[in-house]
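Trainee: Handing you a structure now.
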Amino acid sequence: MRIDKGGIINDFIEPNKKQYTIPVYQRNYEWSKEQCKKLFDDILLAHKKDRYHFTGSVVFAPLKTENKIEHYIIIDGQQRLTTIYILIKALIDVAETDKEKDELLTAVYNVDKFNQYGIDEASKLKLKPVKSDNNQLMLLMNNQLEMMDKSSGIYRNYTLFCELIKQVMTEDENIGVSNIYDGLEHLTCATIRLDEEDNAQEIFERINSTGVPLSLADKIRNFVLMTDIDQERLYEEYWLKTETLVGYDRMTSFFLDFLNIKVDGFPKEDEAYEVFKNVFENGGYTNESILKEILHYSEFYHTFTCGNSKYSQQVNESLAGLYKLNQTTVYLFLYRVFDDYENNIINQSELEKVLRFLLNYSIRRIVCEVASNSLRGLYKTLYNRVFIRKDNKNHYYDAIVSFFQQLTSKDVLVSEKDFAYALKYNNLYRKNALCKYLLSAIENQGKERIYTGNLTIEHIIPQNQNVSSAWQNMLGENWQEVKDKYLHTLGNLTLTAYNSELGDKPFEEKKELLADAKTKVVVLYEDVKNCESWNAQAIEHRADKLVLEIQKIFSIEQPAVAVKFTDPRYAEYTCEWPENATFKTPNYFVLQGERVNVSTFAEMQRALIERLYSRDSSIIETMAKNNERILSWSQSIIFSYDKDKVNGDLKIKGSDIYEDVGYSAAHIMHIIKALLDKYDIDITDFVYSAKSNKKEIVDKD
């Protein structure tokens with residue numbers, strides 16, 4: 001590796017018979033409007049003050065020599081180089097004389113005066129970005145702006161630079177194209193040329209780039225493509241397809257899902273890249289095998305978020321419902337379920353039933369306002385918990401429903417009674433996406449469906465703080481109490497295309513507008529149009545009917561075979577009464593939905609502390625720094641940076657904090673209870689399973 005001081009123009013733009021290729025593992029061009037403006041201002045300042053401006057490092061390596069053209073790959077610096085090419089193209093198009101245009105063209109194109117090098121279109125331009133960007137750059141350089149993708153960064157920043165150049169030349173008569181190019185010649189950089197013995201991947205990871213920070217997906221792409229000689233094929237066959245299926249903006253979310261399938265715990269985004277490398281190295285993967293697996297799961301991800309015609313209408317509708325209701329944590333479970341479908345373990349009918357159940361389960365939770373903080377842990381471990389016995393797959397749907405029915409935590413399947421009550425009396429309007437989804441489902445059942453995308457939720461009793469006297473008289477003497485109780489509940493809500501026009505209108509006028517053909521709502525309006533007045537009794541009556549409709553549409557099919565998950569030797573406990581742990585042997589604990597298998601209470605303490613520390617290390621770090629006693633009645637210090645302050649030499653994984661050990665089962669439960677309070681985790685979000693190990697005393701007499 002050789003590091004030199006260089007110039008962007010002198011070393012990377014103007015030299016003839018060179019081409020710099022952006023390899024496929026690099027991210028797409030994505031400099032923002034603000035970054036381009038900042039660079040342009042720096043260029044003008046460098047010219048005016050006649051001083052150099054440092055732009056960071058450019059890391060490159062020799063690739064090949066072909067037709068006397070030296071080819072290099074850019075490992076770092078592609079965003080800046082691409083931006084400067086775009087700026088030079090803008091200068092060419094703004095330049096007023098042919099001489100200026102020709103000189104600038106010579107800077108960006110390889111020149112073959114005597115036709116002795118066989119330069120073709122592919123090697124003519126000195127910069128070759130990644131495939132999608134290269135297409136846009138070639139269209140720009142060939143003056144085919146009408147064919148360009150107007151949303152691409154290359155087109156957007158080209159038009160920006162044209163505006164900036166024209167603006168500065170209008171405002172300052174001393175500034176012309178040649179002056180701006182002079183500013184470009186003042187841009188310096190650290191040129192880092194890699195040799196064959198250098199590890200490009202390690203160097204790339206150490207570089208403190210001044211450009212846009214790399215996303216998790218960027219880092220993973222670099223890792224799996226930079227380290228393989230077959231980059232072009234792997235990029236085309238796997239990465240490009242994955243990015244197309246998932247969407248560039250959702251790649252990080254997808255990779256977090258992928259890692260959650262592969263490892264215990266929940267990798268944080270800033271740690272996920274290291275986790276990915278460990279998965280790769282410890283899983284015996286090759287570059288192609290892991291890309292193949294990534295593509296496989298990206299196809300599922302695309303199906304979950306966008307639908308897929310290879311599946312039935314029922315499958316797609318259930319997936320669309322989960323997506324609309326933002327129940328995306330369920331994907332951690334669905335990846336495994338769809339794998340089973342692809343492997344013919346279940347058929348499409350069984351898949352439809354599972355998805356319908358998960359949608360209906362989710363709706364019940366949201367309506368009944370069950371906190372969602374346990375869902376990620378629940379769905380991450382759900383597959384292994386349900387199918388802990390392989391023969392449970394013989395009754396796939398039944399096993400899943402049976403499992404939810406037998407849960408003792410808040411994740412248990414909501415009862416029909418609780419669901420009906422919440423539907424009728426809870427504030428449904430504030431759950432806007434769910435509210436519209438349920439109202440649309442009621443309207444579109446069993447008939448030709450109407451499009452509800454253009455409809456909005458309408459309150460029959462107006463939302464206005466001070467309703468008209470006509471409404472007060474209709475609602476009765478206690479009108480304020482009636483309004484407060486029923487305003488945002490199911491019985492008072494419908495869909496309309498006239499939301500802004502209905503407002504505080506009297507009930508009779510509202511009925512006429514709601515009946516208008518523009519809205520096309522029939523079922524939801526049926527119990528409103530025949531009412532002479534709208535009051536508590538009318539709302540309750542309509543709510544009862546709509547609740548029954550929702551229960552029918554989103555009913556839970558009971559399992560044909562009841563699959564048992566409870567071992568009669570074990571029972572589940574909370575830490576509310578720590579003494580319950582005495583003379584017990586645990587086999588697992590569940591923290592906010594995530595099940596963790598353990599065989600001792602000491603193991604339970606360590607596993608729970610590791611999970612709490614990974615969620616928020618600052619709480620335990622503060623306790624360790626202050627040598628805090630977590631239990632008022634105990635002199636023990638649970639966490640400390642000083643080994644002599646605690647029993648044993650056990651450290652919390654990934655830290656320098658020592659953890660006190662050697663407690664009784666009941667004492668450990670007191671510690672866990674106190675830690676949950678520190679982390680503001682409800683006591684009901686932790687349960688453990690244990691059996692008695694106390695030997696019975698047999699009377700021989």
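Trainee: Name, by its number, the condition in (1) open to solvent by 20 Å² or more (accessible area, probe 1.4 Å); (2) assigned to a strand (DSSP E or B) that does not hold for Lys37.
Mentor: Answer for Lys37: the failing condition is (2).
Trainee: Identify, by number, the condition in (1) over 21 Å from Lys694 (Cα atoms); (2) surrounded by fewer than 20 Cβ atoms within 10 Å (Cβ to Cβ); (3) out of contact with any Phe, Trp or Tyr (no Cβ under 8 Å at 6 or more places or on another chain); (4) among the hydroxyl-bearing types (Ser, Thr, Tyr) that Tyr613 doesn't meet.
Mentor: The one condition Tyr613 does not meet is (2).
Trainee: For region 510-522, check the following and say yes or no: at least one residue is under 17 Å from Leu490 (Cα atoms), touching a residue at least 40 places away in the same chain (Cβ under 8 Å), of a type in the set (Val, Ile, Thr) and part of a loop (DSSP other than H, G, I, E, B).
Mentor: Within region 510-522, one or more residues are under 17 Å from Leu490 (Cα atoms), touching a residue at least 40 places away in the same chain (Cβ under 8 Å), of a type in the set (Val, Ile, Thr) and part of a loop (DSSP other than H, G, I, E, B).
Trainee: Take the residues of region 372-381 that are in contact with a Leu (Cβ under 8 Å, 6 or more places away or on another chain) and under 17 Å from Asp339 (Cα atoms): which is surrounded by the most Cβ atoms within 10 Å (Cβ to Cβ)?
Mentor: Restricting to residues being in contact with a Leu (Cβ under 8 Å, 6 or more places away or on another chain) and under 17 Å from Asp339 (Cα atoms), the top hit is Tyr379.
Trainee: Okay, next question. Quick one: what pairs do we get from region 338-362, first residue over 20 Å from Ile550 (Cβ atoms) and without any contact (Cβ under 8 Å) to a residue 24 or more places away in the chain, second surrounded by fewer than 17 Cβ atoms within 10 Å (Cβ to Cβ) and of a type in the set (D, E, K, R), C-beta under 7 Å, 6+ apart or different chains?
Mentor: Close Cβ pairs (under 7 Å, with a partner that is surrounded by fewer than 17 Cβ atoms within 10 Å (Cβ to Cβ) and of a type in the set (D, E, K, R)) do not exist here.
Trainee: Looking at region 13-33, is at least one residue open to solvent by 20 Å² or more (accessible area, probe 1.4 Å), part of a helix (DSSP H, G or I) and in contact with a helix residue (DSSP H, G or I) (Cβ under 8 Å, 6 or more places away or on another chain)?
Mentor: So far as region 13-33 goes, yes, one or more of its residues are open to solvent by 20 Å² or more (accessible area, probe 1.4 Å), part of a helix (DSSP H, G or I) and in contact with a helix residue (DSSP H, G or I) (Cβ under 8 Å, 6 or more places away or on another chain).
Trainee: For region 647-666, does any single residue satisfy the condition of being closer than 26 Å to Lys584 by Cβ and assigned to a helix (DSSP H, G or I)?
Mentor: yes
Trainee: May I pose another question? Report whether or not Asp411 is over 24 Å from Lys510 (Cβ atoms) and in contact with a Cys (Cβ under 7 Å, 6 or more places away or on another chain).
Mentor: no
Trainee: Can I ask one more? If you take just the helices (runs of 4 or more DSSP H) that sit entirely in region 74-128, which of them hold at least 3 residues that are open to solvent by 40 Å² or more (accessible area, probe 1.4 Å) and closer than 25 Å to Val177 by Cα?
Mentor: Result: 98-108.
Trainee: List, please: which pairs have Cβ atoms under 6 Å, are six or more places apart or on different chains, and start with a residue in region 558-579 that is under 28 Å from Lys353 (Cβ atoms) and end with one that is in a loop (DSSP other than H, G, I, E, B)?
Mentor: Listed by first residue and then by second, the contacts come to Glu572/Thr408.
Trainee: Please enumerate the residues belonging to region 136-195 that are touching a strand residue (DSSP E or B) at 6+ places or on another chain (Cβ under 8 Å), part of a loop (DSSP other than H, G, I, E, B) and charged (D, E, K, R).
Mentor: Residue satisfying the conditions is Asp195 alone.
Trainee: Another question about this same structure. Condition (residue is in a helix (DSSP H, G or I), modelled with pLDDT of 90 or more and surrounded by fewer than 15 Cβ atoms within 10 Å (Cβ to Cβ)) applied to region 550-565: is it met by at least one residue?
Mentor: Looking for residues that are in a helix (DSSP H, G or I), modelled with pLDDT of 90 or more and surrounded by fewer than 15 Cβ atoms within 10 Å (Cβ to Cβ), one finds at least one in region 550-565, hence yes.
Trainee: Determine whether Ala571 is small (Gly, Ala, Ser) and either in a loop (DSSP other than H, G, I, E, B) or modelled with pLDDT of 95 or more (or both).
Mentor: So Ala571 fails the test.
Trainee: Return yes when Lys277 is assigned to a helix (DSSP H, G or I), among the basic types (Lys, Arg) and modelled with pLDDT under 95 and no when it is not.
Mentor: Working: assigned to a helix (DSSP H, G or I): yes; among the basic types (Lys, Arg): yes; modelled with pLDDT under 95: yes.
So Lys277 fits the description; yes.
Trainee: Would region 431-440 turn up any residue that is open to solvent by 20 Å² or more (accessible area, probe 1.4 Å) and touching a Lys or Arg at 6+ places or on another chain (Cβ under 7 Å)?
Mentor: Yes, some residue in region 431-440 is open to solvent by 20 Å² or more (accessible area, probe 1.4 Å) and touching a Lys or Arg at 6+ places or on another chain (Cβ under 7 Å).
The values are calculated or read from the model by the stated rules, or taken from the named source; none is laboratory data. A quick note: this is a predicted structure, and the numbers were derived from the prediction, not measured. Ideal geometry is used to build each Cβ from the backbone, glycine not excepted, and the neighbour counts take in all protein chains shown. Heads up: the accessible areas ignore ligands, DNA and RNA and are worked out on the full protein's heavy atoms, side chains in. Shrake-Rupley method; radii C 1.70, N 1.55, O 1.52, S 1.80 Å.
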